[in-house]
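Following: one structure in structure tokens, then a few remarks.
Any read-out appearing in this document is the output of simple, stated calculations on the displayed coordinates, not a laboratory observation. On a predicted model such as this, the values are computed, not experimentally measured, just so you know. Every residue, glycine among them, receives a Cβ derived from its backbone with ideal geometry; neighbour counts consider all protein chains shown.
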Amino acid sequence: DKFTDEDVIHSIFFPIRSSSDEIMPNQQNLWLLDERLTYHSFLASDKKFESIKQIESDSENKPDLLIFNDAIAFTEEETSPFNSFTIVEFKKPQRDNYLDNDPKKNPLDQVEMYIDDLLEGKVTNRKGRKIDIDKNTPFYVYIVCDITNTFKRILEKREFKRTPDGKGYFKTKSEYYSAYIEVIPFEKVVQDAKRRNRILFDKLG
């Protein structure tokens, strides 16, 4: 009858208040969300934008997980334009006090504020090369939380669509920036991870 604090949930996926410069691959579980997230070029966990050396910004906002996926991580051509960012936000299980149009009470407003910070700031990759960020830069956003009544009303008001299994919600945005936003309940994260990795678990016994 007790629900775990969001910091504990966060730490299951990636140690809190750290970065990929400090954490070994076997110390994180990003594969629970998406196996591809493991192969990022840089990850900041619960760090303010102003403290991330790759971002020239004075913003004190701090995403739970901010993942840089620059072209160098996926192709040998350093001039390739396929830069992208992944933002992950965790919320306390069974939280039910969400309010619309309030970044402190609505994770949708919160993640859009992070996107604004990135669009307005100057970002460099691991080699110091400037990364051009504009409305065409892909942002992949995961909000991991229980979809309680107050959040469900906000999602439906903003016309989010149900995922095919009916357990989550998603929406794409392309007018002012390019983003795919998915809201995933904790149970769905575990269930999907088991399904994707079933053959691996079977072979491992």
Next on the checklist: Antiparallel versus total DSSP beta bridges in the chain: what percent is that, nearest 5?
Outcome noted: 65
Checklist entry - What's the Cα-based Rg to Rh of the chain, Rh via Kirkwood? => result 0.95
Checklist outcome for this item: If each part is reduced to its alpha-carbon centroid, the range 1-54 and the range 139-153 end up apart, in Å, by 19
Item to check | Three-way shape call for the range 1-41 based on the alpha-carbon gyration tensor, with the a/c threshold at 1.5 | outcome: oblate
Item to check | Which of F139, N97, I199, positive extreme of dipole for the chain (C-beta unit charges) | outcome: I199
Checklist entry - Measuring from label point to label point, each 7 Å out along Cα→Cβ, what is the I23 to N61 span in nm? => result 2.1
